[in-house]
Amino acid sequence: MSTATSAHAAPLIKREEIAEGTMAFHFAKPADFQFRPGQSMDLTLLNPPETDAEGNSRTFSIASAPFDNDLMIATRMRDTAFKRVLRKASPELQVKIDGPGGSFVLHRKSERPAVFLAGGIGITPFVSIIRQAGHDKSPHHMYLFYSNRRLEDAAFLDVLSEATEQNPNFHLIATMTGEDKSHRQWKGETGHINKDMLTKHLPSLQGPIYYLAGPPAMVATTRRILIEAGVDEDDIRAEEFSGY
């Protein structure tokens, strides 16, 4: 899939903490910026007050949906110059946006279910895909397995829970791997995503298209679980989120 990419300037509208150590940044969407849910964009700070060896540009999945009026990204806040500038930015901070890019988008054949496997901030492309599918009344059956250490770390869980009420074809299976360190009670699944968890919630392991997004180690482990369970490698799509 090729999309014409172009550069736009866009002001920051607002920023908010959406989980412990995770922030969302909303930018005004340029009038002619079009993307498919799941795609990413490059964001460049213009004349930032500080910089470091990692530079002034980053690639982010677009967490907002195409029907939204703004462009939202979400990121874990590490101590880099880029993220310090964003953290302190006042509204109207201008950034350069290039994109969209990437082909991590929902397959077109709706008779095949989509299974999304997300670790941590790897959730961002799926938030866009799931919200847009609900908005479009897409016939795809979608299952999201979303792994976090604790409830405090789980960005967008409220938005995703809402989506299950709006779209009967969407199933959310959230799991916590370190809930013993949480200050909040969790009644859902616990432990890492594994074959037993998938078998418990999916009608069949063969048939769906699988989408994996999260830290490289999580993506590699999950891919191995799927292949060992007999899933065709051609039915697995992956996006690694490194460096948060």
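So the values come out like this:
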| quantity | calculated |
| --- | --- |
| Any hit, region 45-52, residues being at pLDDT below 95, assigned to a strand (DSSP E or B) and of a type in the set (A, V, I, L, M, F, W, C) | yes |
| All positions within region 135-151 that are in contact with a Gly (Cβ under 7 Å, 6 or more places away or on another chain) and of a type in the set (Ser, Thr, Tyr) | Ser147 |
| For Val95: the one exception among (1) within 27 Å of Pro11 (Cβ to Cβ); (2) not assigned by TED's automatic domain parsing to the domain that holds Ser57 | (2) |
| Which listed residue, of Lys195, Lys181, is without any contact (Cβ under 8 Å) to a residue 60 or more places away in the chain, farther than 22 Å from Thr221 by Cα and not assigned by TED's automatic domain parsing to the domain that holds Ser61 | Lys181 |
| Any hit, region 63-84, residues being in contact (Cβ under 8 Å) with a residue 60 or more places away in the chain, buried (at least 17 other Cβ atoms within 10 Å of the Cβ), in contact with a Phe, Trp or Tyr (Cβ under 8 Å, 6 or more places away or on another chain) and assigned to a loop (DSSP other than H, G, I, E, B) | yes |
| Residues located in region 61-72, provided they are of a type outside the set (A, V, I, L, M) and under 9 Å from the mean Cα position of the chain (by Cα) | Ser61 |
| Scan of region 138-148 for residues that are more than 19 Å from Ser64 (Cβ to Cβ) and either surrounded by fewer than 17 Cβ atoms within 10 Å (Cβ to Cβ) or of a type in the set (Phe, Trp, Tyr) (or both), ordered by number | Pro139, Tyr143, Phe145 |
| Pairs where the first residue, in region 146-171, is β-branched (Val, Ile, Thr) and the second is surrounded by 22 or more Cβ atoms within 10 Å (Cβ to Cβ), C-beta under 8 Å, 6+ apart | Val159/Val127; Val159/Arg131; Thr164/Phe170 |
| Given (1) closer than 17 Å to Ala24 by Cα; (2) free of Cβ contacts under 8 Å to residues at least 12 places away in the same chain; (3) among the charged types (D, E, K, R), index of the condition Glu92 fails | (2) |
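The values are calculated or read from the model by the stated rules, or taken from the named source; none is laboratory data. All of these numbers come straight from a predicted model, not from anything done at the bench. Here the Cβ is made from the backbone with ideal geometry for all residues, glycine too, and neighbour counts use every protein chain on show.
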